[in-house]
């Protein structure tokens with residue numbers, strides 16, 4: 001039933017989704033974004049348009065386990081029934097995992113204090129990097145073995161508070177503040193699987209995929225760790241930094257107060 005603004009409560013939700021086949025998180029013309037699907041379901045639940053505000057964008061093909069969004073609506077039935085209502089109408093590739101009432105000053109984007117992304121790589125074994133059909137949509141398959149030790153050395157050069165302009169796709173937003181605190185850039189390996197974990201107080205547009213692309217270039221011997229440090233200090237985008245493909249990236253967690 002429709003709710004007046006005075007009756008509305010603010011709800012904070014965590015959602016997981018398989019980004020394959022979606023145009024990303026943010027609403028777009030054509031309605032194929034994750035936000036569009038969630039808003040359509042909310043309109044069915046409440047009988048009116050309900051606007052969703054996310055913690056940030058994810059690009060087409062990028063996945064999430066811990067995307068956060070909020071919306072304002074009157075729902076007197078409790079969190080469990082709200083989650084049940086979501087499950088009835090959402091596709092299996094989108095799952096709202098948690099929901100709770102929060103104060104009106106909470107904002108999914110502006111209240112966030114940090115995020116963790118993970119990026120999965122499968123390397124070696126020739127061909128498509130040895131990835132089988134069930135993991136291929138969720139990793140970057142690289143046919144040749146990467147030098148993980150060199151990647152770790154390069155990653156250490158990037159941790160800290162820096163201007164990350166060299167590792168963002170600016171897309172015309174020249175006035176944006178490019179300084180971020182990269183708290184962690186961790187490269188772990190097990191067999192032919194590599195996982196890169198990136199944690200920061202915030203990320204620039206395509207920053208994680210650019211960092212991964214640079215680290216993979218080091219692993220391939222195309223760049224050295226010292227060259228990565230030099231690229232960082234140049235504070236401008238270069239053709240030497242490639243953007244990693246989207247399917248290996250997953251928004252793992254968003255931090256709040």
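Separation between the residue 105 and residue 135 pseudo-spin-labels, each 7 Å from Cα along Cα→Cβ, expressed in nm?
The answer from the label model is 4.6 nm.
Taking the alpha-carbon centroid of each part, what is the distance from the range 187-257 to the range 64-143 in angstrom?
So the two Cα centres are separated by 21 Å.
State, to one decimal in nm, how far the label point of residue 95 lies from the label point of residue 253, with both points 7 Å from Cα in the Cβ direction.
Here the answer is 1.8 nm between the modelled labels.
Quickly work out the residue 179-to-residue 87 label distance, labels modelled 7 Å from Cα along the C-beta direction, and quote it in nm with one decimal.
Label-label distance for residue 87 and residue 179, simple model: 4.7 nm.
Which one of 219, 31, 114 has the biggest mean-square fluctuation once the chain is modelled by GNM with Cα springs under 10 Å?
Ranking 219, 31, 114 by mean-square fluctuation puts 31 first.
Within the range 77-100, which residues have the backbone N less than 18 Å from the label spot 7 Å out from residue 44 along Cα→beta-carbon, could you tell me?
Of the residues in the range 77-100, 81-97 have backbone N under 18 Å from the label point off residue 44.
Going by alpha carbons, how many degrees (0 to 90, nearest 10) lie between the helix axis of 225-234 and the longest principal axis of the chain?
Roughly 60 degrees, rounded to the nearest 10.
Under the classification rounded if a/c is under 1.5, otherwise prolate if a/b is larger than b/c and oblate if not, where does the range 115-255 fall, given a ≥ b ≥ c as square roots of the Cα gyration tensor eigenvalues? Walk me through the intermediate numbers first.
On the way: a/c = 1.78, a/b = 1.48, b/c = 1.20.
Cα axes put the range 115-255 in the prolate bin.
Ranked highest first by the average count of other Cβ atoms within 10 Å around their residues, in what order do 210-216, 14-20 fall? All intermediate terms of the calculation are to be shown ahead of the outcome.
Working: 210-216: 25.7, 14-20: 20.7.
For the peptides 210-216, 14-20, the packing ranking is 210-216, 14-20.
Below 8 Å between Cα atoms, with a sequence gap of 6+, how large is the relative contact order for the range 7-60 in percent?
Working: 50 pairs, mean separation 17.8, N = 54.
Once divided by the residue count of the range 7-60, the mean separation gives 33 percent.
Please determine, in degrees from 0 to 90 and to the nearest 10, the orientation of helix 34-46 with respect to the longest principal axis defined by the Cα atoms of the chain, where the helix direction is its Cα long axis.
Taking the Cα atoms of the chain, the angle to 34-46 is about 10 degrees.
Can you tell me the orientation of helix 79-89 relative to the chain, as the angle in degrees between its alpha-carbon axis and the longest Cα principal axis, to the nearest 10?
Roughly 80 degrees between the two axes.
No value in this document is a laboratory result; all are computed from the given coordinates. The model shown is predicted, which means the values in this text are computed figures rather than measured ones. Here the Cβ is made from the backbone with ideal geometry for all residues, glycine too, and neighbour counts use every protein chain on show.
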